[in-house]
Amino acid sequence: MTPADPHLRVVILAGGAGSRFWPASTPARPKQLLPLVSSRPLVADTVLRALELVPARRLRIVAGRHLESPLTSALPELPPGCFLWESRPRSTAPALTWATWTAWRSDPDAVIVSLHSDHVIRPAAAFRSLVARAVRIAARDDVLLTVGARPDRPDTGYGYLQPGDALDGPARHGAGEPPRRVLRFHEKPDAGRAAEYIRQGFLWNTGIFVWRASVFLKELRAHAPGIAALLPRLEKGDVNGFFRHAPTVSVDEAVLERSRSCAMLPASFDWDDVGSWEALARTRTPDQRGNTRAGDVVCVESDDNIVYSEGGRVVLFGVREMVVVVAGDVTMVTTREHARELKRLVQRLPSPSRIQRT
């Protein structure tokens with residue numbers, strides 16, 4: 001099986017608010033709709049990546065109904081059938097259950113590749129190669145595969161995977177490192193624990209998943225009976241009822257952390273989940289003085305700043321390690337250190353400031 005195989009389906013999870021990119025991001029315009037890495041919104045970059053794996057008819061984007069207008073406007077090349085609209089936000093377990101069940105109903109041999117809409121993955125050729133290998137493994141073996149990225153820093157914003165024994169040798173699974181059992185999922189640690197995880201050879205949990213639809217549904221019934229009990233609602237076409245009664249839980253917590261069939265492949269590509277303004281310094285090319293700029297920005301005698309402007313010109317003079325964001329009628333200025341805590345800032349703002357840039 002290769003990525004061109006007719007059994008392959010790609011699911012893109014496009015929900016989430018992205019409050020760490022305030023004031024550019026709001027609930028009505030979350031970060032996946034922002035041009036943070038290229039001239040296109042992050043979700044458009046992800047769709048281009050997905051369309052190198054499957055034709056549009058085998059692509060599904062899962063998002064809340066409130067994002068229907070901005071998402072369809074950002075992705076005019078996709079037909080309406082590519083979108084699955086959630087009636088209520090319930091996190092990734094119900095979303096992926098719905099998408100996987102839908103694929104299984106149309107093709108009992110379907111293999112799912114699940115991507116997030118707001119990640120940066122380079123180079124594309126290495127990504128396609130790894131996906132092809134993961135798809136071959138998932139098509140043959142009863143495993144739920146996740147992709148682990150090798151850390152280059154002790155990041156406290158990522159979850160970590162603790163690798164176990166190899167599932168089998170390279171001869172069975174092709175060239176490259178063999179898939180390994182996931183001994184344990186470790187959620188976002190403090191700095192000291194993150195450094196220890198790296199010393200022990202843990203990998204970042206990218207949230208890129210590959211599985212055969214039938215295997216996922218079997219594991220769902222075994223480990224998440226509360227969600228599995230709602231599958232008859234999908235059978236009856238009652239999608240609203242499914243989401244109304246579904247718990248709000250991630251697929252990691254509901255299924256993967258409980259399953260003995262969970263395995264991982266190390267990523268052969270660079271990966272970043274663009275989790276904060278700090279990520280722009282990793283995903284964009286800075287100038288000679290370390291300034292990362294997006295929009296009409298001028299930096300004079302300034303070093304190591306991150307500046308994003310959707311409006312007029314921003315000029316920095318004689319400052320360093322600042323984050324400046326201009327979006328709509330809001331200008332936000334902070335340090336790179338404090339920019340990691342924007343969620344805390346947004347929670348302290350008056351309610352209208354959280355949801356609109358006025």
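Residues that are closer than 18 Å to residue 84 by Cα, touching a residue at least 24 places away in the same chain (Cβ under 8 Å) and not β-branched (Val, Ile, Thr): does the range 216-223 have at least one?
Step one: filter the range 216-223 for residues closer than 18 Å to residue 84 by Cα, giving none.
No, because not a single residue in the range 216-223 is closer than 18 Å to residue 84 by Cα, touching a residue at least 24 places away in the same chain (Cβ under 8 Å) and not β-branched (Val, Ile, Thr).
Please verify whether the range 209-216 includes one or more residues that are modelled with pLDDT under 95, among the charged types (D, E, K, R) and surrounded by 14 or more Cβ atoms within 10 Å (Cβ to Cβ). Give the steps one after another, and end with the answer.
Here is the first cut: in the range 209-216, the ones modelled with pLDDT under 95 are none.
No, the range 209-216 has no match at all.
Tell me the residue from 237, 275 that is surrounded by 16 or more Cβ atoms within 10 Å (Cβ to Cβ) and in a loop (DSSP other than H, G, I, E, B), please. Lay out the reasoning, then the answer.
Working: 237 fails: surrounded by 16 or more Cβ atoms within 10 Å (Cβ to Cβ).
Within the list 237, 275, the selection yields 275.
Counting only residues that are without any contact (Cβ under 8 Å) to a residue 40 or more places away in the chain and either loosely packed, with under 13 Cβ neighbours inside 10 Å or of a type outside the set (A, V, I, L, M) (or both), give me the helices (runs of 4 or more DSSP H) lying completely in the range 86-202 with at least 3 of them.
Values: elements: 92-106, 124-140, 170-173, 191-199.
Output list reads 170-173, 191-199.
Could you look through the range 251-268, keep only residues that are in a loop (DSSP other than H, G, I, E, B) and crowded, with 18+ Cβ neighbours inside 10 Å, and pick out the one that is nearest to the chain's Cα centre (by Cα)? Step through it out loud before you land on a result.
At the first step, the residues of the range 251-268 found to be in a loop (DSSP other than H, G, I, E, B) are 257-261, 267-268.
With crowded, with 18+ Cβ neighbours inside 10 Å added as a condition, the list becomes 259, 261, 267.
On the way: 259: 21, 261: 22, 267: 15 Å.
Out of the qualifying residues, it is 267.
Please find, within the range 32-74, the residue that is least open to solvent (accessible area, probe 1.4 Å) out of those that are assigned to a helix (DSSP H, G or I) and of a type in the set (Ser, Thr, Tyr). So that I can check it myself, show each step before the final result.
Step one: of the range 32-74, the residues assigned to a helix (DSSP H, G or I) are 32-33, 42-50, 56-58, 65-74.
Remaining after also requiring of a type in the set (Ser, Thr, Tyr): 46, 69, 72-73.
Values: 46: 0, 69: 78, 72: 52, 73: 84 Å².
Only one residue tops the list, namely 46.
Going through 326, 274 one at a time, which residue ends up being more than 20 Å from residue 156 (Cα to Cα) and of a type in the set (A, V, I, L, M)?
Numbers: 274 fails: more than 20 Å from residue 156 (Cα to Cα).
After ruling out the rest, the residue left standing is 326.
Any chance you could count how many residues in the range 1-31 are open to solvent by less than 10 Å² (accessible area, probe 1.4 Å), modelled with pLDDT of 95 or more and outside any loop (DSSP other than H, G, I, E, B)?
Looking only at that region, the number is 4.
List, please: which pairs have Cβ atoms under 6 Å, are six or more places apart or on different chains, and start with a residue in the range 304-329 that is farther than 15 Å from residue 287 by Cα and end with one that is at pLDDT below 95 and polar (S, T, N, Q)?
Pairs that qualify, where the first residue is farther than 15 Å from residue 287 by Cα and the partner is at pLDDT below 95 and polar (S, T, N, Q), are 329/358.
Does residue 282 meet the test of being modelled with pLDDT under 95, assigned to a loop (DSSP other than H, G, I, E, B) and touching a strand residue (DSSP E or B) at 6+ places or on another chain (Cβ under 6 Å)?
Numbers: modelled with pLDDT under 95: yes; assigned to a loop (DSSP other than H, G, I, E, B): no; touching a strand residue (DSSP E or B) at 6+ places or on another chain (Cβ under 6 Å): yes.
Spelling it out, it is not the case that residue 282 is modelled with pLDDT under 95, assigned to a loop (DSSP other than H, G, I, E, B) and touching a strand residue (DSSP E or B) at 6+ places or on another chain (Cβ under 6 Å).
For residue 290, only one of the following conditions fails: (1) part of a loop (DSSP other than H, G, I, E, B); (2) open to solvent by 30 Å² or more (accessible area, probe 1.4 Å); (3) out of contact with any Leu (no Cβ under 8 Å at 6 or more places or on another chain). What is its number?
Just one mismatch for residue 290, condition (2).
The values are calculated or read from the model by the stated rules, or taken from the named source; none is laboratory data. The structure displayed is predicted, hence computed values, not measured ones. Positions of Cβ are backbone-derived with ideal geometry, glycine not excepted, and every protein chain shown enters the neighbour counts. What goes into the accessible areas is simple: the full protein's heavy atoms, side chains included, and nothing from ligands, DNA or RNA. Shrake-Rupley method; radii C 1.70, N 1.55, O 1.52, S 1.80 Å.
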